[in-house]
């Protein structure tokens, strides 16, 4: 007869087990933002448990989040505050779903490159909807069509900010948790996978991978010294990074994680909601370009400084041998 413990549903966890299961659904405390830990991650965890019990896949959760996020953007077009508030709630729920898809993937082990790509582009769909809605709203209020220029530039700014914030977090996870704990890709491997696909038999996969390849090349182009460091590390340490290198990199790099959080979802949405409340949504575009972009530049410069330091340590000394 099977032991009762052997047949236990892994999702039916006890109170004692709950804490560790929740912790396992997170990427790393180093890279998590406080608002996420206090609000979005607990909600996402409960959604992930429900999805796992009902056999809903992480990719399905991501796709659902896109619909909620786009719907939120549409509601921001209207100049009626209660409609905007509904949009705010929808956007918050979309972000909870975005948290849940990753937590579900980590809890169930259903991870895939396509899932990572889809998850990364989900936010772009949300904010494309938001930018379009805000531009149309401004024009409705009498603004010149030139507001589209501000909306588009702010949109490109958002893409750069999100790309580098996500990349730097994955680099940090690579150093402290290894390949299994990170979603760090490189253009060389992606290019090989892309070339192996044919437009005739794998048109959709090739199209998606082409977009992700360009996205990854952008990240690498903006981090030249980091690329030198990663290349050297992967050649020198094929199995496991030295504990001293992991410790030193984490100590020096962890303070930079707060900048990756500032240019991501929570900060921009808090200010977006503020400007919706006072009906001055045009300020959102200026905030994206003239507040978050300087933070992006500073973040990139600091990361390159850290990368240069460790690259020089690895090439000029035997400290991490």
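Mind running the shape call on the range 144-321? Use the C-alpha gyration tensor, a ≥ b ≥ c as the square roots of the eigenvalues: rounded below 1.5 for a/c, prolate if a/b tops b/c, oblate otherwise. Since a/c reaches 1.5 but b/c is at least a/b, the shape of the range 144-321 is classed as oblate. Ordered from longest to shortest, the equivalent ellipsoid semi-axes for the range 154-258 are 27, 18, 11 Å, each the square root of 5 times a Cα gyration tensor eigenvalue. What residue among 196, 122, 48 has the largest mean-square fluctuation in a Gaussian network model of the chain, using Cα springs under 10 Å? Checking each option, the largest mean-square fluctuation is seen for 196. Each Cα pair under 8 Å and six or more residues apart adds its separation to the average, and for the range 144-321 the resulting relative contact order is 35 percent. Inter-part distance, the range 226-290 to the range 29-81, computed on C-alpha centroids, equals 20 Å.
Taking other Cβ atoms within 10 Å as a rough exposure proxy, 306, 171 sort from fewest to most as 306, 171.
Available extension along the chain between residue 302 and residue 246 is 18.3 nm, counting 0.36 nm per residue and deducting the alpha carbon span.
Placing a pseudo-label 7 Å from each Cα along the Cα-to-Cβ vector at residue 29 and residue 231 gives an inter-label distance of 3.7 nm. Of the peptides 212-221, 140-149, 184-193, the ranking by mean beta-carbon count within 10 Å, highest at the top, reads 212-221, 184-193, 140-149. Normalising the average separation of contacting C-alpha pairs (under 8 angstrom, six or more residues apart) by the number of residues puts the relative contact order of the range 36-128 at 43 percent.
Between residue 37 and residue 82, with labels modelled 7 Å along Cα→Cβ, what's the label distance in nm to one decimal, could you check? Output for this residue pair reads 3.9 nm. With R₀ set to 41 Å, the beta-carbon distance separating residue 112 from residue 141 gives a calculated FRET efficiency near 0.40. Fully extending the segment from residue 280 to residue 207, taken as 0.36 nm per residue of separation minus the present Cα-Cα distance, adds 22.5 nm.
For the chain, the convex hull spanned by the alpha carbon atoms encloses 173 Å³ per residue. For the chain, a Gaussian network of Cα nodes joined below 10 Å ranks 53, 27, 177 by mean-square fluctuation, and the top entry is 53. Of 160, 207, the sequence from fewest to most neighbouring Cβ atoms within 10 angstrom is 207, 160.
Entry note: the range 1-143 has Rg to Rh equal to 1.10, where both radii use alpha-carbon atoms and Rh is the Kirkwood radius. Ordering 174, 167 from the fewest to the most neighbouring beta carbons within 10 Å gives 174, 167. For the chain, averaging the sequence separation of C-alpha pairs within contact (under 8 Å, six or more residues apart) and dividing by the residue count gives a relative contact order of 19 percent.
Read-outs throughout are calculated quantities, based only on the coordinates presented, and are distinct from any laboratory measurement. This structure is a prediction, so every number in the text was calculated from the model and none was measured. Every residue, glycine as well, gets a Cβ built from its backbone with ideal geometry; the counts of neighbours run over all protein chains shown.
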